[in-house]
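Report on the structure given below.
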Amino acid sequence: MNRTDQRHRFVVGLGLAGAVLGVAAGAVQVMIGSQIPEWSGAKASPTGLGLLTIGLSLLAGFAAVRQRTPGLTAWGRTACALGLLVPGLLCLSTVGRLWYPSAVLLVVAGVLTIDRWRDTGKAFAQDWFRVLLTVLGCFELLMAAGAAPLLMVVGIAGGMALIAAAWLRSAPRAVLFGLVIVGTVPFAALAWAAVVPALLAVVAAVIAIPVIRDDCAQPEVAR
Amino acid sequence: MTTTRKENPTDLSVPSRPIHTRTGVSRRTVLRAFGVGAATVVVAGTGVLSYRVFDNAVLDPGSGKAFEPWHDWQHTPGPMGAVAAAVLAASPHNTQPWIFEVGSDAIDVFVDSARATGTVDPLRREQYVGLGCAVENLVLACHARGLQPVLTLLPDGPGGTRVAHVELSTGNPQPSALYDAIGNRHTNRGPYEGRVVPAATLAALVDGAGLTGLSVQWISDPAPKAATGELLVDAAEALIADEQQSMDGYVWFRNSNDDVQRYRDGLVLDGQGVSPLVLGIAKLLPASSRTSGDQFWVEQTRTVHTATAAAYGVITTSSPDDRRNQLNAGRLLQRIHLTATSQGIALQHMNQVTERIDRESTTGAAPTFAPRFAELLPPNALPLLTFRVGYPVREGRPTPRRSAVEVTR
């Protein structure tokens, strides 16, 4: 076993430990979060946030195991790293101090997941517009998370559609175009008074152009 | 990447000229880099705004613990259910200055003296009016639950903190249209339609049964209505010019959803009666300062509140400093508002004139507003409360409330 394999194995241990502690923190938040506000962050919706924490912890655990798969591409490894880093940081706002041990474990595991930072940076640069479209999809998911039930459903579906449009490389242009429309227009129409969903729709439409044309390479400096 | 013109290699008269900048970067590269950078900045800005949408609950206004009392008040049985209805009453600046003590056969209502608006209400008239509003809701809810209330106001005298004692006994449930309207009653600060509210309709809003020493003056004729509107705008301007009054009012403004959910009281953007688009934009912007909030209020008073009022109502009495009168005025006001709600008529409390009258009297300043208001009212009818009514352009929105459990000891 070489050093890289050893590191991957170490990440599995760290990630699973963080995930198990995270599930426990989420369960505590669900069961007695309102009784220990100084530890659980004094949240208004401890049950919902506890369940969200459990879900994200399971995702982190999956990412920790998955990153050990041989032959992962730079993007595959980056996705695993994000699967550890995003829950590691996001859950600081869901269960308060209960998350501190998991946060440390998952963030360290996420950082150690990356084998070659240069390859990761290059992958990001080459697919930068896809990354931006994905980020916009995540913003839509964020808005949907705080929306009324109908808007929440439309927003979650829309955010997922935008993310899918960013990464379905082999899909026909018509499909990608349809995903961008479905991902933005219904949410913007239903939430017009909030302005931002409409702004997001316009920005997504502009950024989707190079993605759909498969022309999203980072500018190269002339030699 | 470099770009060169197509050229004939045999034509030596035309030199090959790659389109480079002096640094060796092609124009296309620069433009693409600019596009990528601009797109990144725009996406980052969209992210900041998206977070504001999420953080201020722009897509789900009126949600969260702060608004739950509006949804579950009818489902709570017994005396606590009556308190759940009481906490939905109107109060000055939504201060909710009440504490309840609930027993199996009685409910006591106490004033929470800490919940005051300072120099805005120096004589605490509005505070006791708000308590009267809560007592009215409490009585209506007791009747609806078959609790047969017997009300005693100020059982410990006007100086006591206990403002009402409600004796309960078993009886038949007596629901009413006023009780049913409790959950839909909201102060509506938005524009009203130009439609006139007929005098008979205005008169029918007033049910003063059991409430002595009070009367309601309706001001709906054009000339006195215009004069009242002018008086209200002048009072609003005087109030914001008085820094202490301005500051004492501003502390009850809740600028963020976090504050709304934490304090569950006070004035909120949702209650300002602006259009959905303006409300959405306002929630995206940083919190407004006291002075800009003051200017907004005066502008709304001038261009919306007074400009679209169908009529003004003034509850008057011969002794506005009497605590019993203040409590009864609150009960009467609540009845008027609930009746108006059940008939699709909007109401907004507009007490800046009496607030200035009280401020001038407590600071020893020369009275300027009392004489002007007296000219609009019958002799010996001293103003206690003022409000406007009309048919609303859009519905009023609920404002945050502390739950019955939070205000019960």
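Within region A:132-149, take every residue that is touching a Leu at 6+ places or on another chain (Cβ under 8 Å) and under 21 Å from A:Ile212 (Cβ atoms) and give me the one that is surrounded by the fewest Cβ atoms within 10 Å (Cβ to Cβ).
A:Thr134
Has region B:340-349 got at least one residue that is in contact with a strand residue (DSSP E or B) (Cβ under 7 Å, 6 or more places away or on another chain), assigned to a helix (DSSP H, G or I) and either assigned by TED's automatic domain parsing to the domain that holds B:Trp218 or on the phi > 0 side of the Ramachandran plot (or both)?
yes
How many residues are surrounded by 17 or more Cβ atoms within 10 Å (Cβ to Cβ) and more than 7 Å from chain A (Cβ to nearest Cβ) if we restrict to region B:35-58?
The qualifying residues number 2.
Within region B:43-68, work out how many residues are out of contact with any Phe, Trp or Tyr (no Cβ under 9 Å at 6 or more places or on another chain) and small (Gly, Ala, Ser).
5
Check off (1) in a helix (DSSP H, G or I); (2) under 30 Å from B:Gln261 (Cα atoms); (3) more than 8 Å from every other protein chain (Cβ to nearest Cβ) for B:Pro61 and give me the number that stays unchecked.
Against the list (1) in a helix (DSSP H, G or I); (2) under 30 Å from B:Gln261 (Cα atoms); (3) more than 8 Å from every other protein chain (Cβ to nearest Cβ), B:Pro61 comes up short only on (1).
If you take the residues in region B:64-73 that are crowded, with 17+ Cβ neighbours inside 10 Å and out of contact with any Ser or Thr (no Cβ under 6 Å at 6 or more places or on another chain), which one is farthest from the other protein chains (Cβ to nearest Cβ)?
Only one residue fits best here, namely B:Trp73.
For region A:46-67, enumerate the residues that are farther than 23 Å from A:Gly146 by Cβ, assigned to a helix (DSSP H, G or I) and not hydrophobic (A, V, I, L, M, F, W, C).
A:Gly61, A:Arg66
Quick check on my filter: what residues within region B:221-257 are buried (at least 19 other Cβ atoms within 10 Å of the Cβ), among the polar types (S, T, N, Q) and at pLDDT 95 or above?
Passing the criteria: B:Thr228, B:Gln245.
Go over the candidates B:Thr303, B:Thr354 one by one and state the one that is surrounded by fewer than 22 Cβ atoms within 10 Å (Cβ to Cβ) and β-branched (Val, Ile, Thr).
Within the list B:Thr303, B:Thr354, the selection yields B:Thr303.
Out of the residues in region A:67-98 that are of a type in the set (A, V, I, L, M, F, W, C) and in contact with a Gly (Cβ under 7 Å, 6 or more places away or on another chain), which is farthest from A:Leu52 (Cα to Cα)?
The selected residue is A:Ala81.
Specify the residue that is nearest to B:Thr316 (Cα to Cα); the eligible residues are those in region B:362-374 that are assigned to a helix (DSSP H, G or I) and without any contact (Cβ under 8 Å) to a residue 40 or more places away in the chain.
Going through the qualifying residues, I end up with B:Ala374.
List the number of the failed condition for A:Val202; all other conditions in (1) within 12 Å of another protein chain (Cβ to nearest Cβ); (2) surrounded by 17 or more Cβ atoms within 10 Å (Cβ to Cβ); (3) free of Cβ contacts under 8 Å to residues at least 40 places away in the same chain hold.
(2)
Run B:Gly210 past the list (1) closer than 30 Å to B:Arg302 by Cβ; (2) among the small types (Gly, Ala, Ser); (3) exposed (fewer than 13 other Cβ atoms within 10 Å of the Cβ) and report the number of the one that doesn't hold.
(1) is the only condition that B:Gly210 fails.
Any idea which residue in region B:266-286 is surrounded by the fewest Cβ atoms within 10 Å (Cβ to Cβ), counting only those that are away from every other protein chain (no Cβ under 14 Å) and within 21 Å of B:Leu239 (Cα to Cα)?
Only one residue fits best here, namely B:Gln272.
Considering region A:112-148 alone, what residues qualify as being over 20 Å from B:Arg32 (Cβ atoms) and more than 15 Å from the chain's Cα centre (by Cα)?
A:Leu112, A:Thr113, A:Ile114, A:Asp115, A:Arg116, A:Trp117, A:Arg118, A:Asp119, A:Thr120, A:Gly146, A:Ala147, A:Ala148
Identify, from the list B:Gln244, B:Gln272, the residue that is of a type in the set (S, T, N, Q) and within 22 Å of B:Thr303 (Cβ to Cβ).
B:Gln272
Can you work out which of the residues in region B:317-328 that are part of a helix (DSSP H, G or I) and out of contact with any Ser or Thr (no Cβ under 7 Å at 6 or more places or on another chain) is surrounded by the fewest Cβ atoms within 10 Å (Cβ to Cβ)?
B:Arg324
Being crowded, with 20+ Cβ neighbours inside 10 Å, of a type in the set (Ser, Thr, Tyr) and assigned to a loop (DSSP other than H, G, I, E, B) is the filter here; which residues of region B:377-406 pass it?
Scanning region B:377-406 gives a single hit, B:Thr399.
Is it the case that region B:117-137 has a residue that's surrounded by fewer than 23 Cβ atoms within 10 Å (Cβ to Cβ), farther than 30 Å from B:Glu360 by Cα and in contact with an Asp or Glu (Cβ under 9 Å, 6 or more places away or on another chain)?
No, the conditions are met nowhere in region B:117-137.
Could you tell me whether B:Thr354 is under 20 Å from B:Val129 (Cβ atoms) and not in a helix (DSSP H, G or I)?
Judged against the criteria, B:Thr354 is not a match.
Just give me the residues in region A:1-45 being outside any helix (DSSP H, G or I) and either modelled with pLDDT of 90 or more or among the aliphatic types (A, V, I, L, M) (or both), in sequence order.
Correct list: A:Met1, A:Ile36, A:Ala42, A:Ala44.
Considering each of B:Ala85, B:Ala114, B:Ala134, B:Ala57 in turn, give the residue that is of a type in the set (A, V, I, L, M, F, W, C) and modelled with pLDDT under 95.
B:Ala57
The values are calculated or read from the model by the stated rules, or taken from the named source; none is laboratory data. Note that the structure is predicted; figures quoted are calculated from it, not measured. Glycine also receives a Cβ, built like all others from the backbone with ideal geometry; neighbour counts cover every protein chain displayed.
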